[in-house]
Each structure stands twice: as structure tokens, then as C-alpha cells.
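K.L.:
My questions all concern the structure below.
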Amino acid sequence: MPTSPSAAVSDRLTPALLVLVVLVTAGCASGAGDGAAGGMRAWVDERGQVRYTPAAGNASETSGETTGKKGSGETGVTRTAESSHPEFNLEQYPDAGDKNSSRESEELFYSWRDAQGRIHNTPYLYGEEALGQVMREPEPVRASEARVTTSGAAAAPGFRRDSEAAAILGVGEGSETRLDAFAQQCCGALPRLDYQKLEPERTLPVDLGEEADVYRFATGDSRFALVRLPQDPEQSLLRVRSFIRDGGFFLPNAVFLDGGFRPVRMVTDIVMEYSPETWRRYGHMEARLALKPDSGERWLVVFTRPEDLESGTRVGEQGKRRRLTHEPVGSLSLRLVD
């Protein structure tokens, strides 16, 4: 019986379709096998970002599992020395290829940014010992070192003003303290119209530029700032920052006055801490002065001395130290701190 043309074509296509199905099926199986053997490995770069890269060497591990069986039934896994990345590999991070590792044994990290804007990854401490380090009380902030003179300061026990030592030191009968000498020209006649008020939880900028008032103190002429202090501040320290401009800064001295503008306490030769300039703040010198409202201190006068202008301050790390000059003008900030 003769065969139709369509039937003949169908007979020829059937074997070809079978061959095509077999090839496609084999390709899918091969692709699935490669993915299962290779897989992806997750790791964290120096910026704290999670990256995914193909896991290299798993095929060797698989063959090692197959050929490395011992008589006792244990399985010896052989890791390949080759790596897909010079730093992020199984030698550096063995947990990345250990499928049986427990998350409880993994070391945790947290990322933070320093004052220069650089990102750091620091191990997260936990446990009783680490908790004790975290819960440890911080050291209290203290007033900066300085030369302090108060009104009516008592002499040392056993000190007599009529003694030979008093005569040698020039503090015999009729002698004055440096605060008494300073009070002769300050501060009853001090201009009081242009004063600033210091308030809690606020930073007070102080401009001692060319336009600032100049007063003739007992120590010499100086630009000055008059500041009204809070009557009952909760904070016990006054933070003073003097900003660095063109390699110099205004070296502050302080005199605290009572309600009648009489000097109560004088603070000079203040030791200030250096803070270099960063991407978010200006370089400055910083000091902390103690507040004593119980002594009747109600006003603050900030000034400098001609003798201060003749000296400088060396700052910076060893090998990179530089000299900052003391300028007759500058800008400061005041803030109450704990």
C-alpha cells in the first residue's frame, strides 16, 4: 500500500525529536550538577558589604569525601589550596566552606565610622568578661590643669607672713595676691552692655575678632568677652574651645566675678588639649573649667595676656609636631558639660 508524503515526513522527524529531547535533558542535568557542586559563597568586605562569589574547590572536596573514607567509617574532607580570591578564601575564612559550622561559634563584628570618616570592623564582645568591660564605669571628666587663685585664699598651715620665708617670697605683711592686684583695674568699670548669656544644653559662640571690645586689665590690654553664668547649673564643668586659624589660636584666661562684679577666682596658664581638624569639625584647643556657683560666681570674663602672645604651643604626634602661635584675636565656644 503506497505511503502518503506526510506520513513519510513524520517517520523521519520522530528519531530527530527523540535525539533533541535527550540532548536537552542531558544539558539540564549537567547544569544542575555544576551548580550543586559549585554554589555561591557569601563574605563581607572591609566596608561591611556582603559579597557573593562562586565557591571554588568544592569539586575537590567532593572527591576527597569519596576517596578519603577510612576503615572506621569516618570521612576525611580534603580542602584544596587553590582559592578564587587572594584574601577572601577558605584559608582565611574556613567557616565559609564548612557547611556543618554552628552560628553560635561564629565571631560577630560591628561596623563603625571614626572621626576621619574611615569605616572599621570590630569584633563584638559578649560573655561575662566582655560584659564587665562594657559595664565598667567611665572615668569622670575632670577640670583641666591650670593656675587658680581665689579671693581670701588661706595660707598653708603654720605659714606666718612675718616669717623670713614670707619675706624671701615677697608675700609678707601688706602683700597682695595676684587676684587682689588684678581686681584693682577689674572689673567695676568693665563695659556691661554687650554681654552674652550662657544657657544649659546650648553652645555659646564667642567672637573675639578685630571688632571686639578691648579693655586695659592689670595684666595688659586685651580683647575680652563678658558672659552671664547660670545661677544654678546642673553641670559642674565649663568646656572652652578655641579654634585654630592660620596656625594660631586665642589662648584664653578666665576671671569669675560675683554679682557685684568683684573678682572671686582667677584661672590662668590653662593646659589645653589639641584636636586636629576633621571632615566634620574645625581644629581646636579645648579645656574644662570647674564651676563654683556656691562661691557666688555669676559672671565670667575671658581675656588673654601680653605674656601669652610671646609664647606658643606645640601640638601633634611625635615626628609631626608643629608650633601654634598665640593670637590677640580668635573665636571660641563655651558649653556646660558634666
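The values are calculated or read from the model by the stated rules, or taken from the named source; none is laboratory data. This structure is a prediction, so every number in the text was calculated from the model and none was measured. Backbone-built Cβ (ideal geometry, glycine too); neighbour counts: all protein chains shown. Note: areas computed on protein heavy atoms with side chains; ligands, DNA, RNA excluded. Shrake-Rupley method; radii C 1.70, N 1.55, O 1.52, S 1.80 Å.
K.L.:
Looking at segment 239-260, can you tell me whether even one residue there is among the acidic types (D, E), outside any loop (DSSP other than H, G, I, E, B) and under 26 Å from E327 (Cβ atoms)? Spell out how you get there, then give the answer.
P.N.:
Pass one, segment 239-260, residues among the acidic types (D, E): 246, 258.
Right, trim to outside any loop (DSSP other than H, G, I, E, B) and you get none.
Scanning segment 239-260 turns up no residue that is among the acidic types (D, E), outside any loop (DSSP other than H, G, I, E, B) and under 26 Å from E327 (Cβ atoms).
K.L.:
Let me ask another. How many residues are at pLDDT 95 or above and among the polar types (S, T, N, Q) when one looks only at segment 206-244?
P.N.:
2
K.L.:
Among the residues of segment 238-249, is there at least one that is open to solvent by less than 60 Å² (accessible area, probe 1.4 Å), among the β-branched types (V, I, T) and touching a Gly at 6+ places or on another chain (Cβ under 6 Å)?
P.N.:
Within segment 238-249, the subset open to solvent by less than 60 Å² (accessible area, probe 1.4 Å) is 238-244, 247-249.
Next, only the ones that are among the β-branched types (V, I, T) stay: 240, 244.
Among the residues that remain, those that are also touching a Gly at 6+ places or on another chain (Cβ under 6 Å) are: 244.
Yes, segment 238-249 contains at least one residue that is open to solvent by less than 60 Å² (accessible area, probe 1.4 Å), among the β-branched types (V, I, T) and touching a Gly at 6+ places or on another chain (Cβ under 6 Å).
K.L.:
What are the residue pairs meeting all of these: first residue in segment 189-208, first residue over 15 Å from F256 (Cα atoms), second residue open to solvent by 90 Å² or more (accessible area, probe 1.4 Å), Cβ atoms under 7 Å, and 6 or more apart or on different chains?
P.N.:
As it stands, the answer is P200/E234, since those pairs meet every condition given.
K.L.:
Given the criteria open to solvent by less than 60 Å² (accessible area, probe 1.4 Å) and either of a type in the set (K, R) or out of contact with any Phe, Trp or Tyr (no Cβ under 9 Å at 6 or more places or on another chain) (or both), does R281 qualify? Full working, then the answer.
P.N.:
Working: open to solvent by less than 60 Å² (accessible area, probe 1.4 Å): no; either of a type in the set (K, R) or out of contact with any Phe, Trp or Tyr (no Cβ under 9 Å at 6 or more places or on another chain) (or both): yes.
The answer is no for R281.
K.L.:
If you go through segment 268-284 one residue at a time, how many are within 17 Å of A254 (Cα to Cα) and in contact with a Lys or Arg (Cβ under 7 Å, 6 or more places away or on another chain)?
P.N.:
Number satisfying all stated conditions: 2.
K.L.:
Another question, if that's okay. Given D258, D269, D308, D294, which one is under 29 Å from L193 (Cβ atoms) and open to solvent by 70 Å² or more (accessible area, probe 1.4 Å)? Show your work before the answer.
P.N.:
Values: D258 fails: open to solvent by 70 Å² or more (accessible area, probe 1.4 Å); D269 fails: under 29 Å from L193 (Cβ atoms); D308 fails: open to solvent by 70 Å² or more (accessible area, probe 1.4 Å).
None of the others qualify; the one that does is D294.
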